[in-house]
Structure formats: C-alpha cells, structure tokens
Amino acid sequence: MKAAVIRSWGGPEQFSVETVADPEPGPGEVIVELHASALNWHDVLVRQTGRGFTTPSILGIDGAGIRQDTGEKTVIFPGLNWGKNAAAPGKDFSILGDGTDGTYAQLVAVPVENLFPMPKHLSWAEAAALPCAGLTAYRALFMRAGLRLGETVLVIGAGSGVSTFAIMFAAAAEARVLATSSSQDKLDSVRAIGVDKGFLYTDPDWVQQVLEATGGGVDVIVNGAGANLRDAMACLKPGGRIAVFGASAGSTAKIDIADLYWGQVSVLGTTLGSPDDFGHMLEMIDKYQIRPIIDSVYSLTEIVEAHRHLESRNHLGKLVLSLR
Ligand SMILES: NC(=O)c1ccc[n+]([C@@H]2O[C@H](COP(=O)([O-])OP(=O)(O)OC[C@H]3O[C@@H](n4cnc5c(N)ncnc54)[C@H](OP(=O)(O)O)[C@@H]3O)[C@@H](O)[C@H]2O)c1
C-alpha cells in the first residue's frame, strides 16, 4: 500500500510517500480500505517532536473507507481503549496513529468495535473530516458544557476544524451562536453555518464587544485556544461554563482565581469522546444532515503541502487527504 511515512520528527518535509507492506489485522481487528483521511493540529504537534513515539511512523487519526470483512462503508472512531467510565478515558487510552499506524495510508488495521456505519449523505472526504474534530466538538458542547435550548454559545477561533463543528452543532441545537476569529473573512463565512455575530479577537476590546452584544455575557464557551482563558472567562455570564479542548494559542494561562469563584464559573477540560459519544454525534449528523466544512482536499502525494497549509492557519474547517 501507499503511505505517508515519517522517519525522523520535524517539519512537513519529513513526510515521504512510500510503498510499504500492507497491515496485518491483529486479533479482533479489521482492515479498512481508506478512501480519505483528514489532518488535525494534533498531527502537527506529533510530527514536530514525536512526543515519545518511535519512527518510522504513519500518522493520521481520521479515516473513512470500506471494511474488508463486510464491504460496508465505514467511519472510524479514533479512540483506542476508552474504558468503561463515561466521564473520562482509562489509563490505557490512546489515539489511532499515536504509536500505532494511522490513516495517512491506503489501508489501516483497527479494532472492529471502532467501526461505525458511514453517514449516507456524506462524501468520503466529508466522512473522513468528521471523527476527531466532530467528536471533540460534540462532547465539549453537550456532554461537558451541557448546552441547553436557547442558550448563547461563544466559539473561540472560528477557523479551527473543531470550531466549525461546534458552530454547526450549537446552531442545530437552537442556541444563539457567536464566534471569534483573527479573520473578518472567516467571520463572514461562518455566518452561513449558523453564526449570528462575529468578533475579531485581534481587537483589543473584543471581550467588551461580546459583553455589549450579549447584554452581560454568554452561557457557554468552546475554547481550543487555551492561553486566552482569562479573556474568555470574562465573556461568561455569572454561572457560565467553558469547555477547553486545546491550546492552539499556547499551553499556559494566568487567571484571577476570584473570577472563578465570584463568577461561579465552570472550567471543563475535554478532548475527543467515548464510543457512545461518537454514536450520538453520528445520530446528530444524520438527523440534521450536517455536512463538515472542508477547506481543501489534497492527494496523499501532496501531504507536505497539506501540512504546510494547516500550519499557516489560513484554513476554515478541515483539510482532507484523498487516498484513492
Ligand atoms: N482536531 C481535533 O479533533 C482536536 C481534538 C482534541 C483537541 N484538539 C486541540 O484543539 C486545538 C485546535 O485544534 P484544531 O485541529 O481544531 O485546530 P486548527 O484547525 O489548526 O485551528 C486552530 C485555530 O485556533 C485559532 N486560534 C489560534 N490562536 C488563537 C487565539 N489567540 N485566540 C483565539 N483563537 C485562536 C485560530 O482560529 P482563527 O483562524 O479563526 O483565528 C486557528 O485557526 C489544538 O490545540 C488541538 O491540539 C483538537
């Protein structure tokens, strides 16, 4: 099979597209003939430093393809060994592609319980865009922040893959959706998927703008930027909830503890989700006929360009690899 292989960690140029041996299924595993994969910021972080994994390595969390055992179209749940606790994964939890061969390849071996029917209304590219980012957004909004009908949600960094899902899910749940971005063009574009009002986080007074537009703050924030936690918390109503799923702007944040307790604020960490969350997310995708936002589709041989594009932060939504 063809795969994008990494032999030493570093920049996007470390990928080389090679012919490698087909994977052998282990006990309880099925081979999936992948039609598409998708990029996640996580892949950039692993590619840069390896995070303790060994080379040669095939990265890639997301995938959609055909099960070799049944011939059915499938989308892959990317968590391995979540465990029995719905509140958090167990100590053996890992992600497909982290220390196992992932989906930047034409074939992948995955546990049979990770295979879910592909939503019928989606293309291969749309289905591959779904797993990691869609699941993270779904769990952040509903399982962690407990979004309720009619509430106001602020999605931080509208361009992110996770954020575009959060916008569509919150809009489907009949929330009022606000978003921030570094780009007015992105804010204009996300109006089409449910954003009522956008704010440039590059404006020094963006927090004040949110407070004025909402008459005192929002109920729920979905935040993958991380380092802006203090400013983001200032956008909440008293009693508000903020789900933090990433650290795109930096992994440390300074907050005033008094803002936490006087504001009765709930700060909720979250990432990915359980197999049950994944099933519920697919039901929502099907019920509302939601289609992932795809920025661009690259062939496997264009993996270097695709990673450069992700790192440029010029994208809106997901970058996808077409594998056949
Ligand atoms: N992809 C996943 O499924 C997943 C799952 C779990 C956790 N995470 C984590 O979540 C984060 C985002 O992942 P992603 O794949 O969705 O990223 P992504 O598609 O690369 O998007 C990152 C976005 O973050 C926004 N951003 C950067 N600096 C910001 C700041 N100072 N304030 C506000 N927003 C800022 C930008 O939005 P604008 O372009 O609109 O300015 C940027 O486009 C990463 O830390 C990742 O490790 C991702």
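The values are calculated or read from the model by the stated rules, or taken from the named source; none is laboratory data. This structure is a prediction, so every number in the text was calculated from the model and none was measured. Neighbour counts are summed over all protein chains in view; Cβ atoms, including those assigned to glycine, are modelled from backbone coordinates with ideal geometry.
A few remarks follow.
- Residues in segment 209-244 that are under 10 Å from Ile156 (Cβ atoms), among the hydrophobic types (A, V, I, L, M, F, W, C), part of a loop (DSSP other than H, G, I, E, B) and within 11 Å of the ligand (Cβ to nearest atom): Ala225 alone.
- Selection count where residues are near the ligand (Cβ under 8 Å from one of its atoms), of a type in the set (Ser, Thr, Tyr) and under 19 Å from Val265 (Cβ atoms), scope segment 149-183: 1
- Qualifying residue in segment 12-27 (condition: within 22 Å of the chain's Cα centre (by Cα), outside the structural domain of Val162 (by TED's automatic domain parsing) and of a type in the set (D, E, K, R)): no
- Taking the numbered list (1) small (Gly, Ala, Ser); (2) more than 16 Å from the ligand (Cβ to nearest atom); (3) within 26 Å of Arg313 (Cα to Cα) in turn, Gly146 passes all entries but (3).
- Some residue of segment 20-32 being within 25 Å of Ile294 (Cβ to Cβ), of a type in the set (A, V, I, L, M) and surrounded by 13 or more Cβ atoms within 10 Å (Cβ to Cβ): yes
- Odd one out for Val17, checked against (1) of a type in the set (A, V, I, L, M, F, W, C); (2) surrounded by 13 or more Cβ atoms within 10 Å (Cβ to Cβ); (3) within 22 Å of Ala140 (Cβ to Cβ): (3)
- Checking Leu34 against (1) assigned to a loop (DSSP other than H, G, I, E, B); (2) of a type outside the set (Lys, Arg); (3) touching a Ser or Thr at 6+ places or on another chain (Cβ under 9 Å), the condition it does not meet: (1)
- Some residue of segment 3-25 being among the aliphatic types (A, V, I, L, M), within 16 Å of the ligand (Cβ to nearest atom) and outside any loop (DSSP other than H, G, I, E, B): no
- Qualifying residue in segment 93-108 (condition: more than 16 Å from the ligand (Cβ to nearest atom), acidic (Asp, Glu) and assigned to a helix (DSSP H, G or I)): no
- Matching residues in segment 88-121 - criterion: being touching a residue at least 60 places away in the same chain (Cβ under 8 Å) and among the aliphatic types (A, V, I, L, M): Ile95, Ala105, Leu107, Val108, Ala109, Val110, Val112, Leu115
- Pair list, Cβ < 6 Å and 6+ apart or interchain, from segment 161-177 residues that are farther than 14 Å from Gly224 by Cβ and free of Cβ contacts under 8 Å to residues at least 40 places away in the same chain to residues that are away from the ligand (no atom under 14 Å from the Cβ) and among the small types (Gly, Ala, Ser): Ala171/Gly194; Val177/Ala170; Val177/Ala171; Val177/Gly194
- Residue count for segment 194-208, restricted to those that are surrounded by 19 or more Cβ atoms within 10 Å (Cβ to Cβ) and part of a helix (DSSP H, G or I): 1.
- The helices (runs of 4 or more DSSP H) found entirely in segment 131-190 that carry 1 or more residues being surrounded by fewer than 24 Cβ atoms within 10 Å (Cβ to Cβ) and touching a Leu at 6+ places or on another chain (Cβ under 7 Å) are 184-189.
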